[in-house]
Amino acid sequence: MILKLKYFGMIAEALSKEAEEIELNITSIQELKDYLVNQNSVLDKLNFKIAVNHKLVDLDSKLNNNDEVALLPPFAGG
């Protein structure tokens, strides 16, 4: 499965990239999060939400080939 990942704010800064495309054999957001934290331990210390195709999702949500997944840091109001 190919996923298009986008990183924003402090997540992009911590990973030193704003986007990447990866190929994994996974089916859920939880599996993706586990993989990303395993690859980038800094993510374990950050609070973030995950959106798939511009919609916030839960960890038990399923993934499909070519989904766009965004890791979103907390937003500050003003």
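The values are calculated or read from the model by the stated rules, or taken from the named source; none is laboratory data. The structure presented is a predicted model; accordingly, all values stated were derived computationally and were not measured. Cβ: placed from backbone, ideal geometry, glycine included. Neighbour counts: every protein chain shown. Heavy atoms of the whole protein, side chains included, go into the accessibility calculation; ligands, DNA and RNA do not. Shrake-Rupley method; radii C 1.70, N 1.55, O 1.52, S 1.80 Å.
Numbers for the structure displayed
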{"quantity": "Hits in the range 8-30 - residues which are under 19 Å from F75 (Cβ atoms), of a type outside the set (A, V, I, L, M) and out of contact with any Leu (no Cβ under 6 Å at 6 or more places or on another chain)", "calculated": "G9, E13, E18"}
{"quantity": "Search result, residues across the range 65-78 that are open to solvent by 40 Å² or more (accessible area, probe 1.4 Å) and at pLDDT 95 or above", "calculated": "N65, N66, E68"}
{"quantity": "Meets criteria (of a type in the set (D, E), part of a loop (DSSP other than H, G, I, E, B) and more than 17 Å from K6 (Cβ to Cβ)) for D58", "calculated": "yes"}
{"quantity": "The range 19-48: number of residues that are under 15 Å from G9 (Cβ atoms), in a loop (DSSP other than H, G, I, E, B) and open to solvent by 70 Å² or more (accessible area, probe 1.4 Å)", "calculated": "1"}
{"quantity": "Qualifying positions in the range 16-74 - in contact with a Phe, Trp or Tyr (Cβ under 8 Å, 6 or more places away or on another chain) and of a type in the set (A, V, I, L, M)", "calculated": "A19, L24, I26, A70, L71, L72"}
{"quantity": "Residue satisfying condition, being in contact (Cβ under 8 Å) with a residue 12 or more places away in the chain, open to solvent by less than 80 Å² (accessible area, probe 1.4 Å) and not in a helix (DSSP H, G or I), within set A51, A14", "calculated": "A51"}
{"quantity": "Lone qualifier among K45, K33, K62 - being modelled with pLDDT of 95 or more and within 19 Å of P73 (Cα to Cα)", "calculated": "K33"}
{"quantity": "Criterion violated by L5 - all others in (1) closer than 16 Å to P73 by Cα; (2) hydrophobic (A, V, I, L, M, F, W, C); (3) in a helix (DSSP H, G or I) satisfied", "calculated": "(3)"}
